[in-house]
1. For helix 172-183, what angle does its Cα long axis make with the longest principal axis of the chain, in degrees from 0 to 90 and rounded to 10?
2. Do you know the relative contact order of segment 135-333, to the nearest whole percent, from alpha carbon pairs under 8 angstrom that are 6+ apart?
3. With θ set to phi - 60°, apply the Karplus curve 6.51 cos²θ - 1.76 cosθ + 1.60 along segment 33-38 and write out the HN-Hα couplings as whole Hz, x wherever there is a Gly or Pro.
4. Near the amide H of SER170, under 5 Å away, which other amide H atoms are found, from residues 5 or more places off or on another chain, if H is placed in the peptide plane?
5. For GLY101, what residues show an amide H to amide H distance below 5 Å, using hydrogens built from the backbone and excluding near sequence neighbours?
6. List the residues, sorted by chain then number, that are 5 or more residues from LEU147 or on another chain and whose placed amide H is less than 5 Å from its amide H.
7. At a threshold of 8 angstrom on Cα-Cα distance, excluding pairs fewer than six apart, so keeping six or more, what relative contact order does segment 287-380 reach in percent?
8. Let me check against my output: what whole-number percent is the relative contact order of the chain, with C-alpha pairs under 8 Å and at least 6 apart?
Amino acid sequence: MAEEIDVVVIGAGQAGLATSHKLGVRGIEHVVLEASEPGSSWLGRWDSFTLVGPNHTVRLPGAAYAGDDPGGFMSRTEIAQHLRAYAGRLGRVREGVPVHGLRPRQGGYELDTDGGTIRSRVVVVATGAYQRPLRPSGVAGLAPDVLCVDVLGYRNPSALPDGAVLVVGSGQSACQIAEELALAGRDVVMACGRAPWFLRRVGGRDLFEWLLDSTFYEQTTEQLPSPAARHGANIQASGSGGGHDLHYRTLAALGVRLVGHLHEIDGHTARFAPDLPEVIAAGDAGFRFVRDTVVGVCRDHHIPVPDIPEPGALDTTAPTELDVRGFAAVVVATGFRSRYTEWIEVPGLVDAQGFPVHVDGESVVAPDLHFVGVHFLRRRRSSLLFGVGDDATATATRIASGLGLPT
């Protein structure tokens, strides 16, 4: 016999837990179903992973960072511990209950779980912004004697076979992995994509502090050049070792060989686009955008503009072919895509980019089906540790209104 629950939240990461907190504040009875344990997705990252934003940017409702190192960067295990403690205080999480299927029914939804069938009037999907690593079709032809791992399969340099490594990607993860491999003495080649970069600290302040004082994280989807821009890389940076500059120039200084976009791998031959100059120029344009944002913050707050030097010269000559015979591995870190349609049986649920089609977080094709923790759901900060609480508030308010309860 199916269990009846008015409101179900799927996922006990930061989005699901923030939503649970906000539902609880409004006296809305609910449960949170978690496939593994709270914060488990963070433990799926590589061993040395840390937050890129400083600890003080962990601003979850009812679980803001309160430690003695606000300017530091928590490790993956520390983030998971923080979320587990949060879940324990909320007391709404059922661990080890994956949801395999979700379908509409009269008056609500039916969920297939390892614990049996659940029927719910309202469902909040909070399964995270990073659901399925994207593996470009160009790597499909790689010879089987060269290991290929994605960002969730990479752990540390010693876990890879001996030899050189080709890193494919341009964002924070790709840069951090390439840096770690180079520092471990590996010969690293990086197939680069377009990604903005900036200095970790300018004028005695962290990059995130400047951006939080601007409207950067308030940007909406409508303000982007195209819907596909939601998949664009984040600003290249690292929180490792207390936080430091990390971009194509710092990688080149470590001996990482930069090449253009990966076109294809045919057996042991990797082919790249001859676009490294354009890739570097695009990143430098991102640098100047952030620099102008910092200048704008200074103007608005009537403070002196810090010295921000122009990017230094970088050799952009690069081969368009590479023999990967004898390479240890190809590490693919090219972002993530959603997997909602693999288990949610609602036609028209997502758009061409795989993002939910919604109004204020509620599906336009499935009333009472809400999403939280989606990248750019409402704003650029929607999935982030300092922004998801606002989306959780909005969704809890919308649910309360729909249930006829005080908002």
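Quick note: the coordinates plus some simple rules give every number you see, no bench work behind them. Since this is a predicted model, take the numbers as computed values, not measurements.
1. 40 degrees
2. Details: 349 pairs, mean separation 72.7, N = 199.
Relative contact order of segment 135-333: 37 percent.
3. Working through the residues one at a time gives 9, 10, 4, 10, 9, x Hz.
4. GLY193
5. It is ASP112, by chain and number.
6. Placed amide hydrogens put VAL330 under 5 Å from LEU147.
7. Values: 49 pairs, mean separation 11.4, N = 94.
Across segment 287-380, relative contact order equals 12 percent.
8. Details: 860 pairs, mean separation 92.5, N = 407.
About 23 percent, as a whole number.
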